[in-house]
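Encoded as structure tokens, the structure appears first; notes follow it.
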Amino acid sequence: MLCLKVRFEEQTLRFPLPTEAVGLGSSPDSGIRIPFPGVSRRHAVVEPVAGGIALRDSGSKNGLFFEGKRRREALLSPGGEVGIGRVWLSLEEAATSDVELALLVESGAGAGPSSRSRTRAETGTGTNPRVEEGAGARPASRRSSLRQPRRPNRGGSTSSPTWGAS
């Protein structure tokens, strides 16, 4: 089964190819949800075409990168890669069991897919299944939220003031 492979650092997500146009982005409302830094809430539209998928940028901040250039549209076929933010998309063959396992994980670990997930799985549209790989697989974190912002240097001091100092 051909699937959309999404790579970010050591994490890998796999999605079945949609059968109709769906949104791709970090928003929970996206048909293909990619919760990684650099992916806009509504980053692109993915549409199946003969031999792969067409991606159309939805006015995202980081755009689509294909063949080393920023593009408004890109055709992704097996063997090619498209970059969005710090994420790479490609098409690859995956075992049907990997995608089925991802559907179970997405829907609640063994409780069986909800009717919403089952409908998505049956139609192949709007699915958010994923299989995470790699020893360091963990939810994406926004490094910028971990850093303490610098306060503006006021008063001519050359040292950086620290938070909480009076």
- Message: I need the full set of residues from the stretch 26-49 which are of a type outside the set (Gly, Ala, Ser) and either without any contact (Cβ under 8 Å) to a residue 40 or more places away in the chain or not in a loop (DSSP other than H, G, I, E, B) (or both), in order please.
- Response: 28, 29, 32, 33, 41, 42, 45, 46, 47, 48, 49
- Task: Could you tell me whether any residue of the stretch 51-70 is of a type in the set (Val, Ile, Thr) and either without any contact (Cβ under 8 Å) to a residue 40 or more places away in the chain or open to solvent by 10 Å² or more (accessible area, probe 1.4 Å) (or both)?
- Result: no
- Do we find that residue 71 is basic (Lys, Arg) and over 20 Å from residue 94 (Cβ atoms) in this structure? yes
- Message: Take residue 14 and tell me if it is within 16 Å of residue 84 (Cα to Cα), at pLDDT below 95 and not in a loop (DSSP other than H, G, I, E, B).
- Response: yes
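The values are calculated or read from the model by the stated rules, or taken from the named source; none is laboratory data. Computed from a predicted structure; not experimentally measured. Positions of Cβ are generated from backbone atoms using ideal geometry, with glycine treated the same way; all protein chains shown enter the neighbour counts. Keep in mind that these areas ignore ligands, DNA and RNA; they rest on the heavy atoms of the full protein, side chains included. Shrake-Rupley method; radii C 1.70, N 1.55, O 1.52, S 1.80 Å.
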